[in-house]
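Some notes on the structure that comes next.
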């Protein structure tokens, strides 16, 4: 019986060290070796490249992104698919590929870091001329990691004499690019003629779906498994096909919750500035399907091994929910892989609460337990029923990694990836199995803020109220209940932990007739919600203070503080961020309202009343 | 030393300015440390006290409408040391209320009584205990509200700096966020107060002199006036209300003490002065940083520059090539950590620098013909004693052998030994101040090494980051401006070698990033690029339409 070549082919994308160097070039070789169609990775920025390079007013394009984001893939797709380039010339021996685009010269640098120093020195002036608009004929298409990119211009300017014209031109480009990168801007606000496309900011749900679909719906799943008896066995299903079905959502109720949850987790990680490149998504998908923890030196299944696991009913080794977290991979290797180190921070498996433990141990509430069991009997009851019985009867004698605790953790992971999110939160929520208890609300909040005007104000309102409460508690150090206005409290000494006992600024209300208000908005560049103080004045554009960026971690912190707990592990960083926001907002308000230097500011001493509302007393002059 | 000796005869380090004639140096053990580093960088004058002393001088000049930073004295061709004097308001009423009164809080806490009773009780008690004080103005100043008065006092007390260690009430100080919050460091005498310089030994005057000789002094004049001296924030107004009549005391009233001279700073111009002033300009230019915070950053940075100054000056005077950098360890833990070991070694080496400089300084005199021509006879011994007295203000202890004076070389050696072993020497200042500003960490058993506090990191970021810069750039600035080495790039010697394994330095750099992230100063863009950001970069005009506003 012949193995499915797709399995071996997919393994080349897996979590082994070799896949680190699996750049675009090497994929071609793997395709030839295994004789299956390549995985179709999406090129989400191709349209933007076309628009920039072939638009009415063409300009150069710089692609940045983390290693594995698909920079080279984008460029190859453009060169071969759009610019009509000669496949025989790709990628070329030199670092710079010369071609033309609608009669204009186009110079392609597919990896800036591969250029020699002298080649860089040859190119810098040309690229600079194009970016500064001094040369409107020649176009450049450049790919580089962001750090490399900035270094390119910094080194160039360091080579020039102080005060020379060239140096100041290079510095101007460096400054503009730094600013664009930092603010996640694709289009410069002025000065430069360029599109800066950052592939690290573009992993959306669609990209993920495209990658997963390309793997899961590959035609070789049908042809390659046609003659395998395991493929159709109901009693001993092939673990690879079983995992594929779970990931696709082929269960009895057709739920695709596993895939959805993965997308949510990756989104949360990205909003926490833990970007996961496309290549890492491939590793994740392949590992879910093929992961195997029998032998640490061979973390992926072959067809033969898969058949063996099925025959032995050894599904504990092929658990896709453990594979999703990379548990089949050696710890040091796992930590080196962005995707698994990012997922590890969620704490899936160790985090839990009483209601969820009851669900796992006692099957209550039964409705929820039944629905989940129906989705996947193999990795649920199949692995756990007997263990649980023994444990309850006191006959379980296992310990260590095969102990009951490990089995329970495996069930928590499965639960996290398989259970639906209830409406309106509550303790039986998958997010209670992570450190991000409020991730569900976070995603809902971000989603609700993305429409203007708000489609769903009733969703936004209570969450904003809780955030405000969390901020007030953080700044004052008191258990206050105010949800409608923020007190920008501070202390005179800067010693840690000292709560703010006074302020010179009236509280900033969320809704009021006053010109300054606290608003929640979505940052279009990052997709992240933020809070900021906005000032409205007639006939002038709105002015906003430096925002409080609501990363999922900070959101979680504020929600928990509002609920009355203090999550010690990440408190300090979050407190600092809230404090910086408060100081910046205070100065912002003062600078806009104190017209006269001699104007006396009040000194409002803050205290908390019996109802938890902040009271202030002016002891100023 | 004999009072008749002229300051002009003191031995000077190379390039140093002559010591003004009115400079009082009689209290010195020996003219070595002051000749090299100035008069004086004092270990017990903590960084906050240094800033406060500096602000006393500036406040006086501002009040007297004098230019704050006129630069060196003399003419541009022949510059001479600054000669200044200044007066400090005693501010006794406020100081009494804050640091000597025990009754206000007690009476305020007592329930039941009405305001009228409380005021009466407190005023009667005060008159009885302190007949010289008249604090009756307070009742009206606080509109009869005793609780209000007590609250204001308590709030102001929370602004005390350097609270630790028992000090007399006339040596306790507030964060100087306003003119009314300044006090002199004085001793009570029968007829009032005297500036005894128990803690304030002119380290703040040295700070002033450094700023006064910097390239940026004109810009600084403007910024210090605007941001610091004209500041009349809520704190200052509370303080003024508590001061009562003291608030408007003019300098001809007996409510002031006089500092007739200021410290001595030997070298007219140094790059270090300019770096110091640059940080002042940078911090004070950021209007988003509240004054309270800005002053704390200035305290840390000024202390840091003075610590570096001590090391740099020592290197110069002892004729070494350059200062070996401060290898700064980021974990604060000594376990199995080559960076920590190196850092501790560097500290030990730096600590030796001052005594090497003192040796070189004394040697520079021993090499003169004036000294070499001294013979070994009894007359020569007397002559040598006179020379050392004139040049170094040095008088040997009376316990010398009954047979008379020792040989000139022995006298010189005895002086050198005394210079190197005296209490409160410059090496002690180096260590104490480096600890106070958060550059140096000491752990029992683990030793002493350079490991920065969060507050120092914060000050360094805010002084050096305008908006955002790449982490690598930030590290290179720290190396260039402060001799601080954290990662492999900066640790590399000129021949390209690393003093500790690459991996350990990378780990050290990674820890710095982690600590800056926790402080809210890092914006990592990818595995290849992280920005150090200054969160106080002000609000900006919102570009485009806000995506959505909820109220």
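Structure notes:
- Hits in region B:290-311 (condition: within 14 Å of another protein chain (Cβ to nearest Cβ) and in a helix (DSSP H, G or I)): B:291, B:292, B:293, B:294, B:295, B:296, B:297, B:298, B:299, B:300
- In region A:106-134, the qualifying residues are those that are part of a helix (DSSP H, G or I) and in contact with a strand residue (DSSP E or B) (Cβ under 6 Å, 6 or more places away or on another chain), and the one that is surrounded by the most Cβ atoms within 10 Å (Cβ to Cβ) is A:131.
- Considering only residues in region A:298-323 that are outside any helix (DSSP H, G or I) and farther than 19 Å from residue A:402 by Cα, the one that is modelled with the lowest pLDDT turns out to be A:298.
- Residue A:205 satisfies every condition listed in (1) crowded, with 16+ Cβ neighbours inside 10 Å; (2) under 26 Å from the mean Cα position of the chain (by Cα) except (1).
- Qualifying residue in region A:253-265 (condition: at positive phi, surrounded by fewer than 20 Cβ atoms within 10 Å (Cβ to Cβ), in a loop (DSSP other than H, G, I, E, B) and modelled with pLDDT under 95): yes
- Test: residue in region B:151-159 that is more than 14 Å from chain A (Cβ to nearest Cβ) and either touching a helix residue (DSSP H, G or I) at 6+ places or on another chain (Cβ under 7 Å) or touching a residue at least 24 places away in the same chain (Cβ under 8 Å) (or both): no
- Under the condition of being in a loop (DSSP other than H, G, I, E, B) and more than 37 Å from the chain's Cα centre (by Cα), the residues counted in region A:218-233 number 4.
- Among the helices (runs of 4 or more DSSP H) confined to region B:429-528, the ones with at least 1 residues that are closer than 22 Å to residue B:312 by Cβ and modelled with pLDDT of 95 or more are located at B:454-464, B:471-482.
- Residue list for region A:533-573, filter: over 23 Å from residue B:454 (Cβ atoms), more than 10 Å from chain B (Cβ to nearest Cβ) and touching a strand residue (DSSP E or B) at 6+ places or on another chain (Cβ under 8 Å): A:537, A:550, A:555
Condition check ((1) at pLDDT 90 or above; (2) under 24 Å from residue B:313 (Cα atoms); (3) not in a helix (DSSP H, G or I)) across all residues:
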position: B:357; (1), (2), (3): yes, yes, no
position: B:365; (1), (2), (3): yes, yes, no
position: B:380; (1), (2), (3): yes, no, no
position: B:399; (1), (2), (3): no, no, yes
position: B:402; (1), (2), (3): no, no, yes
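- Where residue B:418 falls short, out of the listed (1) within 30 Å of residue A:580 (Cβ to Cβ); (2) in a helix (DSSP H, G or I); (3) in contact (Cβ under 8 Å) with a residue 24 or more places away in the chain: (1)
- The residue that is farthest from the other protein chains (Cβ to nearest Cβ), among those in region A:455-478 that are outside any helix (DSSP H, G or I) and out of contact with any helix residue (DSSP H, G or I) (no Cβ under 6 Å at 6 or more places or on another chain), is A:478.
- Residue check, residue A:72 modelled with pLDDT under 90, within 14 Å of another protein chain (Cβ to nearest Cβ) and surrounded by 15 or more Cβ atoms within 10 Å (Cβ to Cβ): no
- Failed condition for residue A:483, given (1) assigned to a loop (DSSP other than H, G, I, E, B); (2) more than 29 Å from residue A:615 (Cβ to Cβ): (2)
- When the residues of region B:226-270 are filtered to those that are assigned to a helix (DSSP H, G or I) and surrounded by fewer than 16 Cβ atoms within 10 Å (Cβ to Cβ), the one that is farthest from the other protein chains (Cβ to nearest Cβ) is B:245.
- Taking the conditions (1) crowded, with 17+ Cβ neighbours inside 10 Å; (2) over 17 Å from residue B:327 (Cβ atoms) in turn, residue B:445 satisfies each one other than (1).
- Note on region B:134-150: among residues that are outside any loop (DSSP other than H, G, I, E, B) and free of Cβ contacts under 8 Å to residues at least 24 places away in the same chain, the one that is nearest to the other protein chains (Cβ to nearest Cβ) is B:148.
- From the list B:505, B:498, the lone residue that is more than 7 Å from every other protein chain (Cβ to nearest Cβ) and in contact (Cβ under 8 Å) with a residue 24 or more places away in the chain is B:505.
- Residue, farthest from residue A:70 (Cα to Cα), within region A:135-173, restricted to residues that are surrounded by fewer than 20 Cβ atoms within 10 Å (Cβ to Cβ) and facing chain B (nearest Cβ under 10 Å): A:154
- Residue in region A:404-415 that is modelled with pLDDT under 90 and either assigned to a loop (DSSP other than H, G, I, E, B) or not assigned by TED's automatic domain parsing to the domain that holds residue A:246 (or both) present: no
- For region A:536-572, a residue qualifies if it is modelled with pLDDT under 85 and in a helix (DSSP H, G or I), and the qualifying residues are A:568, A:569, A:570, A:571, A:572.
- Options A:89, A:97, A:132, A:150; residue that is in contact (Cβ under 8 Å) with a residue 24 or more places away in the chain and closer than 22 Å to residue A:72 by Cβ: A:150
- Reported count of residues in region A:522-532, each being within 8 Å of chain B (Cβ to nearest Cβ) and surrounded by fewer than 22 Cβ atoms within 10 Å (Cβ to Cβ), is 2.
- Any hit, region B:209-216, residues being within 14 Å of another protein chain (Cβ to nearest Cβ) and at pLDDT below 95: no
- Residue check, residue A:449 facing chain B (nearest Cβ under 8 Å), buried (at least 20 other Cβ atoms within 10 Å of the Cβ) and modelled with pLDDT of 90 or more: yes
- Residue within region B:90-107 that is touching a residue at least 12 places away in the same chain (Cβ under 8 Å) and more than 22 Å from residue B:167 (Cα to Cα) present: yes
- Residue B:424 satisfies every condition listed in (1) assigned to a strand (DSSP E or B); (2) at pLDDT below 95 except (1).
- Some residue of region B:272-289 being over 30 Å from residue B:32 (Cα atoms), away from chain A (no Cβ under 11 Å) and assigned to a loop (DSSP other than H, G, I, E, B): no
The values are calculated or read from the model by the stated rules, or taken from the named source; none is laboratory data. All of these numbers come straight from a predicted model, not from anything done at the bench. Here the Cβ is made from the backbone with ideal geometry for all residues, glycine too, and neighbour counts use every protein chain on show.
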